[in-house]
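The values are calculated or read from the model by the stated rules, or taken from the named source; none is laboratory data. Computed from a predicted model, the values in this text were never measured in an experiment. Areas reflect the complete protein model, heavy atoms only, side chains present, ligands, DNA and RNA absent. Shrake-Rupley method; radii C 1.70, N 1.55, O 1.52, S 1.80 Å.
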Amino acid sequence: MNAAAPPLALLAELTHRCPLRCPYCSNPLELERASGELDTDAWVRVFGEAADMGVLQVHFSGGEPTVRKDLERLVAACGALGLYTNLITSGVLLDEGRIAALAGAGLEHVQLSFQDSEEAGGDRIGGYKGGHAKKVEVARLVRKAGLALTLNMVVHRQNLHNLPAMIELAVGLDAHRVEIAHVQYYGWGLKNRAALIPTRAQLDEATAVVEAARQRLKGVLVFDYVVPDYYARRPKSCMGGWGRNFLNVMPSGRVLPCHAAETIPGLRFDSVSDRPLQQIWETSDAFQRFRGTGWMPEPCRSCDRREIDWGGCRCQAFAITGDAARTDPACELSSDHQRIVELAQTESDRAPPAFVYRGLGAGAARTEPALSEDAVPGAGRS
Ligand code: SF4
Ligand code: FES
């Protein structure tokens, strides 16, 4: 068995309910229903177990975590346990009273997602009319309440032309940090990959924009930048390595090493309703399977980066090759690398198909009309 140091952070997916329908949502294609969600007492017990095992941070996520009426109680419970609390939200259900209540309960940080820099694009991508204007208002209220604010900008071929404006929006809203993350292709993002994947030229231009802004805005705004693996030479250290730093607790209580782990067939996920969190972290099948380096095939096994990127992303290896135990195809040293390069080139060169919006039951998700290439700034070759 691989020895497991305690995790740093717990992602609490309180619910899969959400008013938005982003086509790159990191939730699974089969969303969990409200009737199956852990109740307040169960979550409080889980946070207690997390604190006991050495977890330092709790990130409240979803779906949309503010759907839960008990969020203030959960935040307060974490505070009493000495856990740092971060709320990852779309913001559209928040108002001044709720923000004050969350701040009063001890919430320390808010990560607010934006779909674009402007209303038409933001509302179309999120599938929610009025969402963008609401987010702008909520960002102001969060700062007025004295909470630290990060803006999450998920970028892709249909909004990259607005990247400079997104950065200006973050400055204008007095955010401390902006996370500019290219879509990662699992779950809904994988389903919509052809509608989202940028060209190599778009990616290079975006990277230059971020680097220039990072220099220009030193001391004003902190940048996190996540590039799409499909154009990488080496993979990212996904989750900081499988079962090393993070655990995800799903709305129903199943515990996952990463948000997409259930896309990998054959893994068994234990629930906090059946076993203590520490036991799950240390001994469960799902956490053991790809922890450390013992599972690695060549070329990872003899590579000097094996304890830097931990072989990349297991979910991506499965999504591209059908085998989660292969080297991440994002790595140039992988014999599957050419597949990912060809996929990226072929799909980003074509006009984007219509979005398949997230919804209950993959088949029930609604689509929008496909865009013509002319209608998408930056689409196709550039
Ligand atoms: Fe990382 Fe494996 Fe590639 Fe080495 S061979 S860089 S460990 S993915
Ligand atoms: Fe699951 Fe990368 S998203 S390991």
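Quick notes on this structure:
- Per-residue Karplus couplings for the range 212-226, computed as 6.51 cos²θ - 1.76 cosθ + 1.60 with θ equal to phi - 60°, are listed in order as 5, 5, 4, 5, 5, 10, 4, x, 9, 9, 8, 10, 10, 10, 10 Hz, Gly and Pro entered as x.
- Å² of accessible area per residue within the chain, as computed with a 1.4 Å probe and no ligands counted: 40 Å²
- Kirkwood hydrodynamic radius of the range 149-203, from inverse mean 1/r over distinct Cα pairs, in Å: 12.0 Å
- Directionally averaged shadow of the range 62-114, computed from the convex hull of its alpha-carbon atoms, nm²: 3.4 nm²
- The chain: calculated mean residue ellipticity at 222 nm from DSSP helix runs of at least 4, using -39500 (n - 2.57): -9500 deg cm²/dmol
- Here is the size of the range 292-334 from its Cα atoms: Rg then Dmax, 9.1, 25 Å.
- Phi angles across the range 83-89 convert, under the Karplus curve 6.51 cos²θ - 1.76 cosθ + 1.60 with θ = phi - 60°, into 3J(HN,Hα) values of 8, 5, 10, 10, 10, 9, 9 Hz, Gly and Pro given as x.
- Listed residue pairs exceeding 25 Å between alpha carbons, taken from Lys69/Lys191; Lys129/Lys236; Lys144/Lys218; Lys69/Lys134; Lys134/Lys236; Lys191/Lys218: Lys69/Lys191; Lys129/Lys236; Lys134/Lys236; Lys191/Lys218
- Carbon/sulfur fraction of accessible area - the range 71-159, other protein chains in place, 1.4 Å, %: 55 percent
- Cα-based shape type of the range 178-254, given that a ≥ b ≥ c are square roots of the gyration tensor eigenvalues and the cut on a/c is 1.5: oblate
- Pairwise centroid distance, computed over Cα atoms, of the range 30-44 with the range 258-305, Å: 23 Å
- Prolate/oblate/rounded call for the range 314-357, Cα gyration tensor, a/c under 1.5 rounded: oblate
- Three-way shape label, the range 1-105, alpha-carbon gyration tensor, a/c 1.5: oblate
- Here the accessible area is traced with a 1.4 Å probe on the protein chains. For the range 217-325, carbon and sulfur cover 49 percent of it.
- The per residue volume of the convex hull around the alpha-carbon atoms of the range 108-244 is 130 Å³.
- Max-minus-min Cα coordinates of the chain on each principal axis give 53, 53, 45 Å, with the largest extent listed first.
- For the range 78-154, the equivalent ellipsoid derived from the Cα gyration tensor has semi-axes of 25, 12, 9 Å, listed largest first.
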